[in-house]
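The structure appears right after this line, and notes come after that.
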Amino acid sequence: MTATQAQQRAAELRQMIETHNRHYYVLNKPVITDFQYDMLLQELAAIEKKFPLLTTGNSPTQRVGSDITKEFVQVAHKYPMLSLSNTYSMEELHEFDNRVRKGLDGEPEYVCELKFDGTAIGLTYLDGRLHQAITRGDGQRGDDVTANVRTISTIPQQLQGNDFPHEFEIRGEIYMPFQAFERLNREREVDGEQPFANPRNAAAGSLKLLDSGEVARRGLNCFLYYLLGDRLPADNHYESLQAAKRWGFAVSEHTCKCNSITAVFDFIRHWEQAREALPYATDGVVIKVNSFAHQRRLGFTAKSPRWATSFKFKAEQALTELLSIDFQVGRTGAITPVANLAPVLLAGTTVKRASLHNADQIASLDIRLHDWVTVEKGGEIIPKVVGVDRSWRAIGSEPFRYITHCPECGAALVRDDGEAKHYCPNDSHCPPQILGKIEHFAGRKAMNITAGEATFELLFRNGLVRNAADLYTLKKEDLAHLDKWGEKSAENLVKSIAASIDTPFEKVLFALGIRYVGETTAKKIATAMRSIDALAQAEREQLLAIDEVGERIADSIIAYFSDESNRALIARLRAAGVQFEAGAQMRLSDTLAGMSFVITGTLSRPREEFKALIEQHGGSTGNTLSAKTTHLLAGDKGGSKLEKAQKRGVKIINEEEFMKLVKRYEL
Ligand code: IVH
């Protein structure tokens, strides 16, 4: 490789790595595997080693990726929050051990820990009380997510005992146990929201939510693994962790002192298998030098400590034949390709089906029928196809032609700009879409109509319901002739349908299944617009002014109401008694009459509750500062609105002052 070639390739690699950093740390939606990412980074490091002049302080080999987002206040880390070097091979681990011995001129004691696959957090405690929780950010500054972290029950707000330092920091990994992850993804699917690819993304995404109430529901958890401060309770890592455990922190019980590198290898070999039984995701083992004095002697590089490294487990992969590709049609018409595979054993289970994501993925990997493909089971529940072994390709095989028509109803598929997926536009006649919509409408978080499994499919296949409004005309007698359908269950279903007309408007709005309008968005829209008629007539600008409604959602709402069949459905539902208006807001006082509020930052409860309170007391609310705005209610962290309000002379009040304002009247 010439210097010019090296320069070109390094620039190419840096750009790719930056793009993937953004996908991983900011969007929480990686598009390549960790292993592929590490390989890019290793290639860049090798080039920089060979051509040292190409190294810049700004190279991704010298920095950690950044998770900073504009919604949170950024805080400087007292101690930079570094990353860990990593290796995938036992030889490299031997080299690490040799470097450590050389640096120490003697025998180190190691501590082995599991490498939890979540998102890093730094917690500071003052006099035993949780003071601040900061994400890694770019390693120097991170996002202040204290309000969200306070909702994680295993993170102590107040420590036990009395031997903790007056001030210290403890770092750990916030993660989402598999069970919580599966529940969340099931809910997201029902809500028409994209499921998270793996528990790591789900944890990182949840930690950055603006609504702490929602964070609390997500079931996050945290392991702590690193103490920093001037007066730590011991002179080594292991005992400090044991002290932290006594103070109330969740320290993993699978932390082990190893007095030789052979013992380290044993630990790794054990957990490579045993981790499969853990209820949370791990992606390797972290090896740390135990003694703090030794750690100080070894020190740090720009990016990571020299006294620690991680051995990463490779995601388990298997090679098998791609037999065929199925196309599933979801309730919104989204098409998902699924690979049917020759059965293969992968991480203890036989895999026959795997995700293929979308048309682009198939094209970019050039996956063809009867190819031998690599399937991988990472942190994800469903295995995915991640590559093709071209050397096994049959002569005469042809590139896979993605379907152009819906496999269920034959309609020509469409693909909107910027969308990864194809859609079947025939939403009123395509069977899986019709059935999916009815099931969504009846769902627990929507109209909460209780029915046995596959009930709606039975009703649909027997021609008894073709849309949600048909449910309200069902009679007990209609159900009587259905196979194995007793009178009691028929009666229960009819009763449950009748009771559903009292479902509040926000849930009805969600139940309609407008594309991209999930549960939370529906709530915000219902609070802002108050009725379906107002929503149906709203201008695009009006929709965009609603919290969390962007162009994609606004356009989807407009498209929904411009469809005659949707309007007809609403008319029939309304005639059946379904609620299409928000319940009247009880007027409590006129204390806030003439005042117009804008809310910014994180408050102790969801913003919608404060908005409701303002309206109940006669005030009004807006999403952006305008000439009308009289008050800015500022939560934990302000952002740009604070500055703007100061400039315009808008009165800024915090939550406590706001509550006083409201309560003064109530007293
Ligand atoms: S120690 C300076 N211990 O892995 C050393 N990190 O890839 C600080 N991680 O940034 C890290 N489990 O987010 C440490 N037992 C463990 C860990 C762990 C997971 C994460 C952590 C770190 C990343 C590096």
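The values are calculated or read from the model by the stated rules, or taken from the named source; none is laboratory data. These figures come from a predicted structure and were not determined experimentally. Here the Cβ positions follow ideal geometry from the backbone for every residue, glycine too, while neighbour counts run over all protein chains shown.
Take residue 423 and tell me if it is more than 30 Å from residue 199 (Cβ to Cβ), in contact (Cβ under 8 Å) with a residue 60 or more places away in the chain and of a type in the set (Ser, Thr, Tyr). So residue 423 fails the test. A count restricted to segment 344-380 and to residues that are hydrophobic (A, V, I, L, M, F, W, C) and under 24 Å from residue 272 (Cα atoms) stands at 8.
When you go through 96, 35 one by one, which is the residue that is within 15 Å of the ligand (Cβ to nearest atom), touching a residue at least 40 places away in the same chain (Cβ under 8 Å) and more than 30 Å from the chain's Cα centre (by Cα)? Walk me through it before giving the result.
On the way: 35 fails: more than 30 Å from the chain's Cα centre (by Cα).
One residue alone meets the criteria, 96.
Scanning segment 298-312 for residues that are near the ligand (Cβ under 8 Å from one of its atoms) and out of contact with any Lys or Arg (no Cβ under 9 Å at 6 or more places or on another chain) turns up just one, 304.
Taking the residues in segment 169-184 that are surrounded by 21 or more Cβ atoms within 10 Å (Cβ to Cβ) and not hydroxyl-bearing (Ser, Thr, Tyr) as candidates, determine which candidate is farthest from the ligand (Cβ to nearest atom). Before you say what the answer is, go through the steps one by one.
Within segment 169-184, the first condition is being surrounded by 21 or more Cβ atoms within 10 Å (Cβ to Cβ), and the residues that meet it are 170, 172-176, 180-181, 184.
Subsequent filtering for residues that are not hydroxyl-bearing (Ser, Thr, Tyr) retains 170, 172-174, 176, 180-181, 184.
Values: 170: 11, 172: 8, 173: 5, 174: 9, 176: 14, 180: 18, 181: 17, 184: 21 Å.
Of everything passing the filter in segment 169-184, 184 is farthest from the ligand (Cβ to nearest atom).
Of the numbered criteria (1) in a loop (DSSP other than H, G, I, E, B); (2) in contact with a helix residue (DSSP H, G or I) (Cβ under 6 Å, 6 or more places away or on another chain); (3) at pLDDT 90 or above, the one residue 163 fails is (2).
When segment 282-297 is limited to residues that are surrounded by fewer than 23 Cβ atoms within 10 Å (Cβ to Cβ), more than 8 Å from the ligand (Cβ to nearest atom) and of a type in the set (A, V, I, L, M, F, W, C), the one that is farthest from residue 225 (Cα to Cα) turns out to be 293. Just so you know, in segment 499-526 the residues that are free of Cβ contacts under 8 Å to residues at least 60 places away in the same chain and surrounded by 15 or more Cβ atoms within 10 Å (Cβ to Cβ) include one that is nearest to residue 426 (Cα to Cα), and it is 514. Within segment 71-88, residues that are within 14 Å of the ligand (Cβ to nearest atom) have Cβ atoms under 7 Å from residues that are of a type in the set (Lys, Arg) and outside any strand (DSSP E or B) in these pairs: 81/136; 82/303; 83/303; 88/314, counting only partners at least 6 apart in sequence or on another chain.
Is it the case that some residue within segment 168-179 is among the acidic types (Asp, Glu) and over 14 Å from the mean Cα position of the chain (by Cα)?
Of the residues in segment 168-179, the ones among the acidic types (Asp, Glu) are 169, 173.
Checking which are over 14 Å from the mean Cα position of the chain (by Cα) leaves us with 169, 173.
Yes.
Taking each residue of segment 237-255 that is over 17 Å from residue 267 (Cα atoms) and looking for partners that are in a loop (DSSP other than H, G, I, E, B) and hydroxyl-bearing (Ser, Thr, Tyr) with beta-carbon atoms closer than 6 Å, six or more apart or interchain, yields 250/154.
Residues are listed down the side, and each one gets a yes or a no for (1) surrounded by 16 or more Cβ atoms within 10 Å (Cβ to Cβ); (2) at pLDDT below 80; (3) of a type in the set (S, T, N, Q); (4) at positive phi:
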{"position": "6", "(1), (2), (3), (4)": "yes, no, no, no"}
{"position": "11", "(1), (2), (3), (4)": "no, no, no, no"}
{"position": "15", "(1), (2), (3), (4)": "no, no, yes, no"}
{"position": "44", "(1), (2), (3), (4)": "yes, no, no, no"}
{"position": "54", "(1), (2), (3), (4)": "yes, yes, no, no"}
{"position": "58", "(1), (2), (3), (4)": "no, yes, yes, no"}
{"position": "64", "(1), (2), (3), (4)": "yes, yes, no, no"}
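Looking only at segment 96-119, count how many residues are assigned to a strand (DSSP E or B) and out of contact with any helix residue (DSSP H, G or I) (no Cβ under 6 Å at 6 or more places or on another chain). The qualifying residues number 4. When each of 522, 568, 534, 526 is tested for being at pLDDT 95 or above and not in a strand (DSSP E or B), the lone residue that passes is 568. Considering only segment 126-152, state which residues are more than 21 Å from residue 216 (Cα to Cα) and either more than 16 Å from the ligand (Cβ to nearest atom) or of a type in the set (S, T, N, Q) (or both). Within segment 126-152, 126, 127, 128, 140 meet the criteria.
Report yes if residue 206 is crowded, with 21+ Cβ neighbours inside 10 Å and either more than 15 Å from the ligand (Cβ to nearest atom) or among the acidic types (Asp, Glu) (or both), otherwise no. So residue 206 passes the test.
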